[in-house]
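Visitor: Before we start, here is the structure in question, set down as structure tokens.
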Amino acid sequence: MKDFSLIARTRRAELLTMIHRAGTGHTGGALSSVDILVALYYGVLSYRPDEPRWPERDRFILSKGHSVEGLLCILADVGFFPKSELNTFSQYQSRLIGHPSVKVPGIEICSGALGHGLSAGVGMALGAKRMGKSWITFVLMGDGEQAEGSIWEGAMAAAHYQLDNLVAIIDRNHLQISGDTESVMSLENLAEKWISFGWVVKECNGHDVVRLVEQFESCPLQTGKPTLVIAHTIKGKGVNSMENIAKWHHGVPDANQLRQALDELGIKEVDL
Amino acid sequence: MSIPCRQAFSEKILELAQTDESIVVLCSDSRGSVTLGKYASELPEQFVEVGIAEQNCIGIAAGLSNAGMKPFVAGPACFYSMRSAEQVKVDLAYSNSNVKVIGISGGVSYGALGTSHHSLQDIATMTAIPNLTVILPADAWQTKAMTEALTRHEGPVYVRMGRGAVPDVYGPDGMTGLSPEFAIGEAIELMTGQDVLITATGETVSLAYQAGLRLAEEGLSTTVLDLPTLMPLDEKAILGASTRCKVVISVEEHSMNGGLGSLVASLLCENMPRPMKKIAFPNENLVTGTSSQVFQHYGLTVENIVSQARLLLERGGTK
């Protein structure tokens, strides 16, 4: 059994180090989605780092593209590109920019403009159905992102085409740049909204990697229906001083804050 | 043929999709307007209906191309070039998705339906998106040749065509008699002369050619250049033709701002300035009328092209 806790803590330490060195990044959302990404990349998805466009691979789309830091650290760790390249994050002429780019091996589609990922995921899942392929498509969205109308266009289409090979995930951390999601633009009752759009909805702890893996592996929960997993998370998860504080949406840790964070994560050294 | 370009597209894509099962056509409640009813009923597995949701349609098409299919999105140009502009920019162009967007009933095709249904900004918008090819076919013959070329071309493309039947520029009965050979990025010289250069794109090419004939009758030798591809622009052809001409005219079914005229003017301005007249629509909400009334009202006519050419020459062209 893989030590998911160690994997997740190490990726958190790497992404914080990367953001610190770059002087820019979306710290809070990256930390809240790490465990979901770890569950997918170390426990669920089929992929080949030496053949990124392997036609049969499972597809993953990071619709909340601003949380790219955790994804980049994972793609490097599993072998899509050298880990040392993480030091170029957001630097002059780097291909590791602040949002997912198809120039990076392992990234399926450019994202960053919110509300786009689900539609692309619908296309990938529908393509699999039409071509008789067995890959599964996963799309990770933010909760603030739910205010984008295009998401609901994609939600309708997924149910209409009975895409039970599509799993959407919401990183439900309750915080967006301006504050609590319920005060900015209330989303609740989120589960009921998705159910009424024809989806099967499951809620779970978005930081329990073992549970997340079980949850994803058990999809589809109902034949002929797409699945939505509402992963309840904490923005800034893993570092006490960053948890549930909106300013860490794109706050950058200084040297002291980074040292404290690594101590807290129990990671002595980050090898980038 | 003298049929609408959208019909030429629909006939050709059906023929091509019958032997290439990776082709898939997506519509947003637009199969009737595009004339894709036959395609949808004959090839239901290669057709996707998304309802009235252009943003979703482009995103789904990007996903289908990632899956290994060759998606063609077909619906009104006014909506695809504006409502889903961000999806075209990010999901298609930035992501280098192999998706073709066929914008139909473009320009002022919808005439009296008003500004909401006109697409007079699409050349400006789409040619400013990196890694996006932009094409406006001149007639049904060129549309068929283009459609075939698009199935062989890897990468994102935006195409705009009109609603009504267009006189044949190409083909055996066409006004030029030229065969409709089409290569992305290449201009076609329809007539060669030394006094006036008329550049045109899309369904105004037939007007430009007729104006060229009229000028020739008056003893003014004219070059008429059909520029079906606006991005990448065939700069070599434009500069080559303008080298030997004294004045330049551009004709297009688009706003004065950011269309063919702007592209040609900035190219010439940096390389070989020429007295020039842009024939296009003013940047305003246009007068109500059928598309031909609107064309007449704003001077998108053979007569106006001819008289503007004369005026430019009278004022003194480049020697």
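Visitor: Name the residue, out of A:Lys225, A:Lys235, that is among the basic types (Lys, Arg) and at pLDDT 95 or above.
Guide: A:Lys225
Visitor: Could you tell me which of the residues B:Gly316, B:Gly258 is in a loop (DSSP other than H, G, I, E, B), of a type outside the set (A, V, I, L, M, F, W, C), at positive phi and within 19 Å of the chain's Cα centre (by Cα)?
Guide: Answer to the selection: B:Gly258.
Visitor: Mind telling me which of the residues A:Ile151, A:Ile109 ends up being within 21 Å of B:Val48 (Cα to Cα), in a loop (DSSP other than H, G, I, E, B) and either of a type outside the set (Asp, Glu) or at pLDDT 95 or above (or both)?
Guide: Matching residue, one of A:Ile151, A:Ile109: A:Ile109.
Visitor: Here's something else I'd like to know. A:Pro100 is checked against (1) buried (at least 19 other Cβ atoms within 10 Å of the Cβ); (2) closer than 15 Å to A:Pro49 by Cβ; (3) more than 7 Å from chain B (Cβ to nearest Cβ) and fails just one. What number does that condition carry?
Guide: Against the list (1) buried (at least 19 other Cβ atoms within 10 Å of the Cβ); (2) closer than 15 Å to A:Pro49 by Cβ; (3) more than 7 Å from chain B (Cβ to nearest Cβ), A:Pro100 comes up short only on (2).
Visitor: May I ask you to verify whether B:Leu92 is buried (at least 24 other Cβ atoms within 10 Å of the Cβ), touching a residue at least 40 places away in the same chain (Cβ under 8 Å) and within 7 Å of chain A (Cβ to nearest Cβ)?
Guide: Spelling it out, it is not the case that B:Leu92 is buried (at least 24 other Cβ atoms within 10 Å of the Cβ), touching a residue at least 40 places away in the same chain (Cβ under 8 Å) and within 7 Å of chain A (Cβ to nearest Cβ).
Visitor: Name, by its number, the condition in (1) closer than 23 Å to A:Val44 by Cβ; (2) under 16 Å from the mean Cα position of the chain (by Cα) that does not hold for A:Leu175.
Guide: For A:Leu175, the failing item is (1).
Visitor: Looking at segment B:9-28, which of its residues are touching a residue at least 40 places away in the same chain (Cβ under 8 Å) and more than 16 Å from B:Met161 (Cβ to Cβ)?
Guide: Listed by number, the residues that qualify are B:Leu16, B:Asp20, B:Ser22, B:Ile23, B:Val24, B:Leu26, B:Ser28.
Visitor: Now a separate question. How many of the residues making up segment A:154-170 are more than 10 Å from chain B (Cβ to nearest Cβ), on the phi < 0 side of the Ramachandran plot and in a loop (DSSP other than H, G, I, E, B)?
Guide: 3
Visitor: Where residues in segment A:140-151 are touching a Leu at 6+ places or on another chain (Cβ under 9 Å) and facing chain B (nearest Cβ under 10 Å), which of them is surrounded by the fewest Cβ atoms within 10 Å (Cβ to Cβ)?
Guide: Out of the qualifying residues, it is A:Glu148.
Visitor: Residues that are among the small types (Gly, Ala, Ser): find the strands (runs of 3 or more DSSP E) completely inside segment B:1-114 holding 2 or more of those.
Guide: B:70-76
Visitor: Any residue in segment B:275-292 that is out of contact with any helix residue (DSSP H, G or I) (no Cβ under 6 Å at 6 or more places or on another chain), among the hydroxyl-bearing types (Ser, Thr, Tyr) and surrounded by fewer than 18 Cβ atoms within 10 Å (Cβ to Cβ)?
Guide: yes
Visitor: Among B:Ile13, B:Ile52, which is the only one that is at pLDDT 95 or above, within 13 Å of another protein chain (Cβ to nearest Cβ) and more than 23 Å from A:Asn165 (Cα to Cα)?
Guide: Every option except B:Ile52 fails the conditions.
Visitor: Only residues that are among the polar types (S, T, N, Q), part of a loop (DSSP other than H, G, I, E, B) and within 7 Å of another protein chain (Cβ to nearest Cβ): list them for segment A:112-134, please.
Guide: none
Visitor: Does B:Phe79 satisfy being under 19 Å from B:Thr133 (Cα atoms) and either more than 14 Å from chain A (Cβ to nearest Cβ) or in contact (Cβ under 8 Å) with a residue 60 or more places away in the chain (or both)?
Guide: So B:Phe79 does not fit the description; no.
Visitor: Just give me the residues in segment A:221-245 being assigned to a helix (DSSP H, G or I) and surrounded by fewer than 16 Cβ atoms within 10 Å (Cβ to Cβ), in sequence order.
Guide: Hits for segment A:221-245 are A:Asn240, A:Ser241.
Visitor: Output the residue which, of all residues in segment B:175-204 that are in a loop (DSSP other than H, G, I, E, B), more than 18 Å from the chain's Cα centre (by Cα) and at negative phi, is surrounded by the fewest Cβ atoms within 10 Å (Cβ to Cβ).
Guide: B:Ser179
Visitor: Continuing with this model, one more query. Taking segment A:176-193 only, how many residues are within 20 Å of A:Trp248 (Cα to Cα), surrounded by fewer than 16 Cβ atoms within 10 Å (Cβ to Cβ) and touching an Asp or Glu at 6+ places or on another chain (Cβ under 9 Å)?
Guide: Of the residues in that region, 1 qualify.
Visitor: Would segment B:31-52 turn up any residue that is touching a residue at least 60 places away in the same chain (Cβ under 8 Å) and either over 22 Å from the mean Cα position of the chain (by Cα) or crowded, with 24+ Cβ neighbours inside 10 Å (or both)?
Guide: Checking segment B:31-52: at least one residue is touching a residue at least 60 places away in the same chain (Cβ under 8 Å) and either over 22 Å from the mean Cα position of the chain (by Cα) or crowded, with 24+ Cβ neighbours inside 10 Å (or both).
Visitor: Let me ask something else. Which one is farthest from A:His160 (Cα to Cα) among residues in segment B:56-76 that are among the β-branched types (Val, Ile, Thr) and more than 7 Å from chain A (Cβ to nearest Cβ)?
Guide: Across segment B:56-76, the extreme among qualifying residues is B:Val73.
Visitor: Would you be able to tell me the number of residues in segment A:53-104 that are in a loop (DSSP other than H, G, I, E, B), under 27 Å from A:Ile151 (Cβ atoms) and within 18 Å of the chain's Cα centre (by Cα)?
Guide: Qualifying residue count for the region: 12.
Visitor: (1) in contact with a helix residue (DSSP H, G or I) (Cβ under 8 Å, 6 or more places away or on another chain); (2) buried (at least 17 other Cβ atoms within 10 Å of the Cβ): which one isn't true of B:Gly261, the others all being true?
Guide: With respect to (1) in contact with a helix residue (DSSP H, G or I) (Cβ under 8 Å, 6 or more places away or on another chain); (2) buried (at least 17 other Cβ atoms within 10 Å of the Cβ), B:Gly261 is out only on (1).
Visitor: Of all residues in segment A:53-69 being out of contact with any Gly (no Cβ under 9 Å at 6 or more places or on another chain) and touching a residue at least 12 places away in the same chain (Cβ under 8 Å), which is surrounded by the most Cβ atoms within 10 Å (Cβ to Cβ)?
Guide: Here the residue is A:Asp58.
Visitor: Report whether or not A:Arg11 is at pLDDT 95 or above and either of a type in the set (A, V, I, L, M, F, W, C) or within 17 Å of the chain's Cα centre (by Cα) (or both).
Guide: yes
Visitor: Give segment B:115-139 a look and list any residue that's part of a strand (DSSP E or B) and of a type in the set (Ser, Thr, Tyr), or say none.
Guide: Matches in segment B:115-139: B:Ser119, B:Thr133.
The values are calculated or read from the model by the stated rules, or taken from the named source; none is laboratory data. Fair warning: this is a prediction, and the values are worked out from it, not measured in the lab. Glycine also receives a Cβ, built like all others from the backbone with ideal geometry; neighbour counts cover every protein chain displayed.
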